[in-house]
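Have a look at the structure below, then the notes.
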Amino acid sequence: MRQDILRHLRSDQEILSTVMVDYYALPKDGDHAWPGRDAAPNLSSQEKGRLVEEAISADIAERMGVAPEASRFIPYVMMHEFEALLFSDCQAFADGIGLPELGPQLSVIRPAFLSPEDINDSPLTAPSKRVTALIPNYQKPLFGNVAAHSIGLESIRAECANFSDWLTRLEQRVFL
């Protein structure tokens, strides 16, 4: 991915580049290790994401020959999965995918976590696993997009601080 990001940034000096990656799936050792991933395990969820984002940004900036704060690359390290964001408004999620009767069942999951971004306790209870347990025919690209649209960006930002911070960083660069 690094080479694609660098090629993209070098192709046009006016563009910003971003990426949304799942922390859980990032390799922490070996040839494919992501910067900062090996140093993050004992930190809080928010600190893990921020550490890896900063390390990835510094890596790209160094290879571009710029200071990290001047980089046009703005990563977002999501702790678990995109589906976590959909728990920002469980009823809107259910309504959006045409299954309003699932709103209460989805709503039982959300209060057990400080933020939707924290929903996960093991590979068996990842956000998508929780969703497919209730919706066996769940199709991530289709249902996820429709649900996110139904929930709305404001609701997701209000519930998901890391996600909101990423969007704020993008907005600050775009509207300079």
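The values are calculated or read from the model by the stated rules, or taken from the named source; none is laboratory data. As the structure is a computational prediction, the values presented were derived from the model and not from experiment. Methodologically, a virtual Cβ is constructed for each residue, glycine included, from the backbone with ideal geometry; neighbour enumeration extends over all protein chains shown. Side chains included, ligands, DNA and RNA excluded: accessible areas come from the protein's heavy atoms. Shrake-Rupley method; radii C 1.70, N 1.55, O 1.52, S 1.80 Å.
Cross-link partners for Lys28 among the lysines, with Cα-Cα distance under 22 Å and sequence neighbours closer than 8 places in the same chain left out: Lys48.
Packing, taken as the mean count of other beta carbons within 10 Å per residue, orders the peptides 85-97, 35-47 from highest to lowest as 85-97, 35-47. Working note: 222 nm ellipticity from helices only, DSSP H runs with n ≥ 4, each -39,500 (n - 2.57), summed and divided by the residues of the chain, gives -15000 deg cm²/dmol to the nearest 500. Using the Stokes-Einstein relation with a Kirkwood hydrodynamic radius computed over Cα pairs, the translational diffusion coefficient of the chain at 10 °C and a viscosity of 1.306 mPa s comes to 92 µm²/s.
Two numbers describe the Cα atoms of the range 109-151: Rg and Dmax, which are 11.0, 28 Å.
Multiplying the residue separation of Met1 and Gln13 by 0.36 nm and subtracting their alpha-carbon distance yields 2.4 nm. For the chain, the solvent-accessible area of protein heavy atoms averages 54 Å² per residue (probe radius 1.4 Å; ligands and nucleic acids excluded).
Each other residue within a Cβ distance under 15 Å of Pro111 adds +1 if Lys or Arg and -1 if Asp or Glu, for a net charge of -3.
Dipole size of the chain about its Cα centre, with +1 on Lys/Arg Cβ and -1 on Asp/Glu Cβ: approximately 240 debye, rounded to the nearest 20.
Between the range 27-85 and the range 112-132, the C-alpha centres lie 21 angstrom from each other.
Build a GNM of the chain with springs between Cα atoms under 10 Å: which of Pro27, Pro136, Pro100 gets the top mean-square fluctuation? In the Gaussian network model the winner is Pro136. Counted by Cβ distance under 14 Å from Ser11, the other residues give a net charge of 0, where Lys and Arg count +1 and Asp and Glu count -1. Counting only lysines at least 8 places from Lys129 when in the same chain, those with an alpha carbon closer than 22 Å to its own are Lys140.
Based on every Cα atom in the range 66-123, Rg and the maximum pairwise Cα distance Dmax equal 15.7, 52 Å. Report, in degrees rounded to the nearest 10, the 0 to 90 angle that the Cα long axis of helix 45-64 makes with the longest principal axis of the chain. Helix 45-64 sits roughly 30 degrees off the main axis of the chain.
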